[in-house]
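Below: one structure, written as structure tokens.
The values are calculated or read from the model by the stated rules, or taken from the named source; none is laboratory data. Fair warning: this is a prediction, and the values are worked out from it, not measured in the lab. We place every Cβ from the backbone using ideal geometry, glycine too, and count neighbours over all the protein chains shown.
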Amino acid sequence: MVNELENSDEVAQQIYQEMLDRICVAYEMRDFDCFARMINVPHTIFGFGPTTTLNDHSDLREVFDGTCTFLATKAVTDHIRTCLVATFTASDEIDCMHETRMLCGAHVLEHPYPVQSILRRINGEWAVCRSYIALDPNVGMGRILHKTTGHA
């Protein structure tokens, strides 16, 4: 029998928040290898625009580099991702949601936006396998996420 504590919402939230923090550090350090270990490909991004599928690490690299450039160009001082909810749907899967905020000092650069993700434990490591992002595909980060060649 699976230990309930091991699969509690609190544990799911901790797993997700730690991953969100590592993703922010990967962007800050421009560490694609670290980032790529946390995102499973193929990776599908759903949102208000066309569905985007990142088919391989080349597509993932395009999104990563675009995001790093966006953060640098906008002089982002604080890239904050906060877990709002996370719950185990199976012993190796977590359904979760976070909010992303980007600030330049005290100035909000984009309205905070929610992201729902599905994490799966693959070979003992947690990875984001699918994302639902509430962004306009024609501006800011939405443009970066939807300009890859992997539109479905």
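Residues in the range 96-132 that are charged (D, E, K, R) and touching a strand residue (DSSP E or B) at 6+ places or on another chain (Cβ under 6 Å) were compared, and the one that is nearest to Thr44 (Cα to Cα) is Arg130.
Checked against (1) within 14 Å of the chain's Cα centre (by Cα); (2) farther than 26 Å from Gln14 by Cβ, Tyr132 passes all but a single condition, namely (2).
Taking the criterion of being hydroxyl-bearing (Ser, Thr, Tyr) and farther than 13 Å from Leu145 by Cα, the only residue of the range 43-68 that qualifies is Ser58.
The condition (being of a type in the set (Val, Ile, Thr) and either farther than 26 Å from Gln14 by Cβ or surrounded by fewer than 17 Cβ atoms within 10 Å (Cβ to Cβ) (or both)) is satisfied by just one residue among Ile118, Ile144: Ile144. Every condition in (1) farther than 29 Å from Val11 by Cα; (2) modelled with pLDDT of 95 or more holds for Phe70 except the one numbered (2). As for the range 19-36, it holds at least one residue that is part of a loop (DSSP other than H, G, I, E, B), modelled with pLDDT of 95 or more and of a type in the set (D, E, K, R). If you check Arg143, Arg101 for being of a type outside the set (Phe, Trp, Tyr) and touching a Pro at 6+ places or on another chain (Cβ under 6 Å), only one passes: Arg101.
For the range 22-76, give me the residue count where each residue is of a type in the set (Val, Ile, Thr), under 26 Å from Cys104 (Cα atoms) and surrounded by 15 or more Cβ atoms within 10 Å (Cβ to Cβ). Residues in the range 22-76 being of a type in the set (Val, Ile, Thr), under 26 Å from Cys104 (Cα atoms) and surrounded by 15 or more Cβ atoms within 10 Å (Cβ to Cβ): 4 in total.
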